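Working notes for the structure below.
The values are calculated or read from the model by the stated rules, or taken from the named source; none is laboratory data. No experiment lies behind these values; they were computed from the predicted model shown. Positions of Cβ are generated from backbone atoms using ideal geometry, with glycine treated the same way; all protein chains shown enter the neighbour counts.
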Amino acid sequence: MVFLNNIDPVMLAVGPLEIRWYGLFFAIGILLNYLILKWIFKREKASELDLDSLVIYLFFGLVIGARLGHIIFYNWEYFSSNPIEILKIWNGGLASHGAAVGLLIAYSLWVWIHKANFAKYADMLVIPMPLTAAFVRLGNFFNSEIVGTPTGANGEVGDFGIVFKRLGEDFPRHPAQLYEGAASLAIFFVLMLVYKKWFGKLPKLFMTFLYVGLYFVARFGVEYFKDQAFLADTWLGISRGQWLSVIPIGLAAGYFVWRAWKKDA
């Protein structure tokens, strides 16, 4: 089945003021993240004052890290020639790898300033993150960006997928944004399930590395459906996005191997 995506990325325009679908979905993702964290902190009897302080650090870490990640990892030539475009975040262009780095730096900075233990809140903070990621990918879909490869084989037009009309195309592609969004949503439900059933019995940082492992494994897989002509080149048959996913996957795997070894030692 073939669907047509001819969605105007501008939801509402009043004079020079524009409200874009991408910005709306991003804001919804952030709001839901905060509300879920507030519920978790209250349930765990953690300091809600710490949460309010933390979300400010994390918000800026997320936005700045994700934006710089997109610029540096995927489109440096364009943005270095058009620096004013760096500020136009409402047009899309956030990289999950950059977001991960930005969030880590922001949280580490908060921990250092407040002289807190790094593991104190990390396992709670990661739980709603994939939900926010799912809304960001939905925004990418409405922006007709980060598109997938054509669904047809051997030069033939596929009989399923999405036609991104705003790109001037008349053939269907894999909706890679929706694939990644669906994977992120599934990871969110997995984390919520683990949290509700076993959170108090798990070792510190278990949830953190579970999230890192699941998310970047999913990201690695979805990259096979992304059109690299729109994003980045490949090396040894592996895209830049996949190479950037290898490091966090390795860290997560290393953590679980270390936990298993420590338990048996």
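Just a few scattered comments:
- Some residue of region 179-199 being in contact with a helix residue (DSSP H, G or I) (Cβ under 9 Å, 6 or more places away or on another chain) and not in a helix (DSSP H, G or I): no
- Flag for Gly69 being without any contact (Cβ under 8 Å) to a residue 40 or more places away in the chain and surrounded by 14 or more Cβ atoms within 10 Å (Cβ to Cβ): yes
- Of all the residues in region 9-38, those that are over 22 Å from the mean Cα position of the chain (by Cα) and surrounded by fewer than 12 Cβ atoms within 10 Å (Cβ to Cβ) number 6.
- Listing of helices (runs of 4 or more DSSP H) fully contained in region 78-154 that carry 2 or more residues being over 27 Å from Arg166 (Cα atoms), within 12 Å of the chain's Cα centre (by Cα) and of a type outside the set (Ser, Thr, Tyr): 96-114, 129-142
- Within region 112-138, the residues that satisfy the criterion of being aliphatic (A, V, I, L, M) and farther than 30 Å from Tyr179 by Cα are Ile113, Ala116, Ala119.
- Residue within region 96-110 that is more than 24 Å from Phe220 (Cβ to Cβ) and free of Cβ contacts under 8 Å to residues at least 40 places away in the same chain present: yes
- Looking across region 225-255 at every residue that is modelled with pLDDT under 75 and out of contact with any strand residue (DSSP E or B) (no Cβ under 9 Å at 6 or more places or on another chain), the one that is farthest from Lys204 (Cα to Cα) is identified as Ala229.
- Flag: Phe41 matches the condition of being under 21 Å from Met192 (Cα atoms), assigned to a helix (DSSP H, G or I) and of a type outside the set (Lys, Arg).
- Among the residues making up region 66-121, those that are farther than 27 Å from Val246 by Cβ and of a type in the set (Gly, Ala, Ser) are Ser81, Ala116.
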